[in-house]
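Notes follow once the structure below has been shown.
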Amino acid sequence: MNVTLVFRKIFRALIPKSFLVSSLTSLIFLAFSMSYVATSPASASLLSPKSNSPLHYGNTPLTHGDYRPTFGLSSSTGYRLIAADGGVFDFGASSFLGKGGQGTVAASVNGDGSGYWTVTGSGIVTAQGSAKFYGDLTNTQLSKPIVGMAVTPDNAGYWLVAADGGVFSFGDAQFYGSTGGMSLNKPIVGMSSTPDGKGYWLVASDGGIFSFGDAQFFGSAGGINLNQPIVGMAKTSDGNGYWLVASDGGIFSYGDAQFYGSTGGMSLNKPIVGMSSTPDGKGYWLVASDGGIFSYGDAQFFGSTGSIQLAAPIVAIIDFAPPPPTVIPPTIVPPTVTPQPVTPTTVAPPTVTPTTGTTTSAGQSLIPVTSISKSQNWAGYVLANNAPYGFTAISGTFNIPSSIACTSSGSAMMAEWVGLGGWDTSSIIQAGVNCGPDGAGGISESAWYELFPDASVTVPLNVNFGDSVTVNITNTTGNLWTISFNDPTSGSTYTTSVTYSASGSNDSAEWIVEAPTLNYNLTTLAQYSPSVTFSNLSWTSTAPSTSNTTAYSINLTASHVNYANTTVDTTNKQVIVSYA
């Protein structure tokens, strides 16, 4: 069975935490969090994305965290400039395929550069080369003109966006929401789609970002006093960040988008009108309305129309990129596990006496939840310490549902685990079980532990649907940790000692149900019953009291669908995660 299992970073929207969440449009808008500004508005603070990487499947080391790897894409070999009269200017390896329509406002290229689409302000689409026509807005009365477009990853569809944020879908492009019915501070000026085509961002001229589908919000310039308006955006290759560009060439970087330079401090002959990023996301081009090109990072300069008398101004730049190499996912064969029969015993959490701090024993009172969070892949209970305090031990017992609708194709999966770290950092030590493909056309439960960023390890524990499992993770001394599993239902236990350097990343403790990621796509959380109940929760903290700790309850919500709800039962000292 050819599968590549990759586990994504956690995606969450805290409530409250400077997010405005609209139930009608699932709008995520934040008016700050600029990671770099090349022009001269006042700076703002950076919101770091929260991350984790929980699993490894079978016995093959896997990559963690990245949603859509680039597989070593090379830098672009050319680009095209698009003029308002539909004129196309080719530079580098790109070649002329045909003009667009009069009044062109935006353009998009297909995956290998052998075709492209242009669209006019009235919504008329022209397809050239291998790009196929899937429909447009001919004879459609628009409230506001079209200002941008984006193409699906398979080049079999596209979206158009109007200045009021109305989104129009064609081909296999799915509609995930719009701002068409909202009162905007400033008009929409462009859009970009996520790498998997299951979401998109809209950007307004004030730098406001509107996220739909699986598009994550990484920050905006909506609350910044800009020198010049935003005129365009580009996403990073993995979709975990984006750039905004202003008409003076000022660059605003968010998520994993890196700043490589700008024209924010230069005197330009004509304003910047758009940008395009290189395939590997390590550079970008800016284009001015006279066709002047500004290259940064690994973006190469192939020429410009800056010295040419144009019949109409340039309105867009589109990249010409070679196709990525074919990558065959590894064949993963889960190991054959022969459990050793043992007398079932109840594993009590270890007694840890820190020099300073607090220790809870199994079944003691839970810290009341003070903040509710949403995530596309996590549901459960999180304790987060204020700096510089951390956790040195965690334990919990959870049931494996007797019925889990995970699929042999991996489209629906489920994982349960306890761990330390991963809430505010990318490092984590964790252990648990998951339901997924068994490599032989069926499904199975398997147990694992992980010391991210190292690969996860499948352990020889006999676990089955309906079992109860206790997991303990304890820092014994220095960087030495003990991880133990006990499944009294099957009579199987497993204990190992590992070396793990927390390096301040163990400032959170988690009891989680998760929807993993397979073949670089977030799976659907498998429907399960009965609910997962975490009991006998215990942890050891270096914080002197619980006043230094914040408790979060997380509900799993993906593509605007609620899949799992968390109930923190402080009376019975349990955390219950129910399939919605």
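The values are calculated or read from the model by the stated rules, or taken from the named source; none is laboratory data. Given the structure is predicted, the values throughout are model-derived calculations rather than measurements. So basically every Cβ, Gly included, is an ideal-geometry build from the backbone, and we count neighbours across all protein chains shown. Please note that ligands, DNA and RNA were not included when accessible areas were found on the heavy atoms of the full protein model with its side chains. Shrake-Rupley method; radii C 1.70, N 1.55, O 1.52, S 1.80 Å.
Descriptive notes on the structure:
- Flag if Tyr494 is hydroxyl-bearing (Ser, Thr, Tyr), surrounded by 18 or more Cβ atoms within 10 Å (Cβ to Cβ) and closer than 29 Å to Ala215 by Cα: no
- Residue in the stretch 293-313 that is surrounded by the fewest Cβ atoms within 10 Å (Cβ to Cβ), counting only those that are under 28 Å from Asp238 (Cα atoms), of a type outside the set (S, T, N, Q) and more than 27 Å from the chain's Cα centre (by Cα): Phe301
- When the criteria are applied in full, Thr476 meets the requirement of being part of a strand (DSSP E or B) and surrounded by fewer than 22 Cβ atoms within 10 Å (Cβ to Cβ).
- Answer residue from the stretch 361-372, given it is among the polar types (S, T, N, Q) and at pLDDT below 85 and is surrounded by the fewest Cβ atoms within 10 Å (Cβ to Cβ) among those: Gln364
- The residues on offer are Phe89, Phe168, Phe133, Phe96, and the sole one that is touching a residue at least 60 places away in the same chain (Cβ under 8 Å) and aromatic (Phe, Trp, Tyr) is Phe89.
- Residue among Thr542, Thr557, Thr549, Thr524 that alone is farther than 30 Å from Gln216 by Cβ, buried (at least 16 other Cβ atoms within 10 Å of the Cβ) and modelled with pLDDT under 95: Thr542
- Subset of the stretch 382-437 that is among the aromatic types (Phe, Trp, Tyr) and not in a strand (DSSP E or B) - its residue that is modelled with the highest pLDDT: Tyr389
- Against the test of being over 24 Å from Gly111 (Cα atoms) and small (Gly, Ala, Ser), the options Gly281, Gly255, Gly219, Gly291 yield a single qualifying residue, Gly219.
- Of the numbered criteria (1) among the aliphatic types (A, V, I, L, M); (2) open to solvent by 30 Å² or more (accessible area, probe 1.4 Å); (3) outside any loop (DSSP other than H, G, I, E, B), the one Val471 fails is (2).
- Cross-chain or 6+ apart pairs with Cβ under 6 Å, the stretch 218-234 first and open to solvent by less than 20 Å² (accessible area, probe 1.4 Å) and of a type outside the set (A, V, I, L, M), then in a loop (DSSP other than H, G, I, E, B) and modelled with pLDDT of 90 or more: Ser220/Gly207; Ser220/Gly208
- Residues of the stretch 446-468 that turn out to be open to solvent by less than 20 Å² (accessible area, probe 1.4 Å) and either more than 28 Å from Ser541 (Cβ to Cβ) or aromatic (Phe, Trp, Tyr) (or both), as a count: 3
- Some residue of the stretch 385-397 being without any contact (Cβ under 8 Å) to a residue 60 or more places away in the chain and open to solvent by less than 20 Å² (accessible area, probe 1.4 Å): no
- Positions within the stretch 479-488 being assigned to a strand (DSSP E or B) and open to solvent by 10 Å² or more (accessible area, probe 1.4 Å), in sequence order: Leu480, Thr482, Ser484
- Residue that is least open to solvent (accessible area, probe 1.4 Å), among those in the stretch 154-210 that are more than 22 Å from Val245 (Cα to Cα) and of a type in the set (Phe, Trp, Tyr): Tyr158
- Looking only at residues of the stretch 246-270 that are aliphatic (A, V, I, L, M) and touching a residue at least 60 places away in the same chain (Cβ under 8 Å), we find that the one that is surrounded by the most Cβ atoms within 10 Å (Cβ to Cβ) is Ala246.
- For the stretch 114-131, a residue qualifies if it is touching a strand residue (DSSP E or B) at 6+ places or on another chain (Cβ under 8 Å) and part of a loop (DSSP other than H, G, I, E, B), and the qualifying residues are Ser114, Gly121, Ser122, Gly123, Ser130, Ala131.
- Residues located in the stretch 112-141, provided they are closer than 13 Å to Tyr158 by Cα and surrounded by fewer than 17 Cβ atoms within 10 Å (Cβ to Cβ): Lys132, Phe133, Gly135
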